[in-house]
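These notes concern the structure reproduced below.
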Amino acid sequence: MTDGTNNDSPFDLERLRKRDKRVFRHVYDAYVGLLIYTAVRSGVSRTDAKDVVQDVFVKLWESATNIESMAALKTWLVVSTRNRAIDVLRQHKMVKTRGDDPSKGGVEGDSESPETNASLWHEIQVSLVGEMVETLCEENQEYSFKRFYVEGKSAKEIALENGEPISTVTNRISRMRKLFKLKFTERLQALRDSSLQE
């Protein structure tokens, strides 16, 4: 992918900002698979994932003039997809919480099915992962971990961008992965403990 300066490129930034349909088609074709995967990994169904990705591309069309560079586009698409998927999960949760039949008193007082509990627990974990990745990267001033797991960049890509050996990047990612697992396990246990006390 280029920085958007080559007018013959299917990924030309100026043409993207002018909402050139051919450029949008190239961007869609290049990223639709990754974005559906990102949405499904965020916890939504495959059907919802397709809707999420469609919403993200509509948002891209509407805000194309705000894209700073073609290099930033992949990050923007992945983050927007993850955020939209979380919104969809929250909407599903609100629908489940309200219940389908007000005359039956909704869900309040009813025992939830194991499937509902598992789904809600999964949603909590997905939200927690995103929150903790952001927090750990900020606290440790280490962003290779986020770029590797959230943005989907390879260790080689990160090393090239940073101008450092791949081994340095993989060591930092490994160290952050260990720290993340430790902190994530602690937070999950705290959540489990607090839910048992309620």
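The values are calculated or read from the model by the stated rules, or taken from the named source; none is laboratory data. Everything numeric in this text was worked out from a predicted model, so none of it was measured. Glycine gets a Cβ as well: all are built from the backbone with ideal geometry, and neighbour counts include every protein chain shown. Surface areas here come from the heavy atoms of the whole protein model, side chains and all, with no ligands, DNA or RNA. Shrake-Rupley method; radii C 1.70, N 1.55, O 1.52, S 1.80 Å.
Return the distance in nm (one decimal) between the two label points of a simple spin-label model at Glu14 and Asp29, each offset 7 Å from Cα along Cα→Cβ.
It works out to 2.3 nm between the two label points.
Taking all protein chains together and a probe of 1.4 Å, list Lys21, Lys181 from the most accessible to the least accessible.
Details: Lys21 155, Lys181 125 Å².
The ranking, largest first, comes out as Lys21, Lys181.
Could you list, in their original order, any pairs among Lys59/Lys183; Lys50/Lys181; Lys21/Lys153; Lys18/Lys93 whose Cα atoms are separated by more than 32 Å? Working shown, then result.
Values: Lys59/Lys183 34 Å; Lys50/Lys181 30 Å; Lys21/Lys153 27 Å; Lys18/Lys93 38 Å.
In this structure, Lys59/Lys183; Lys18/Lys93 lie more than 32 Å apart at Cα.
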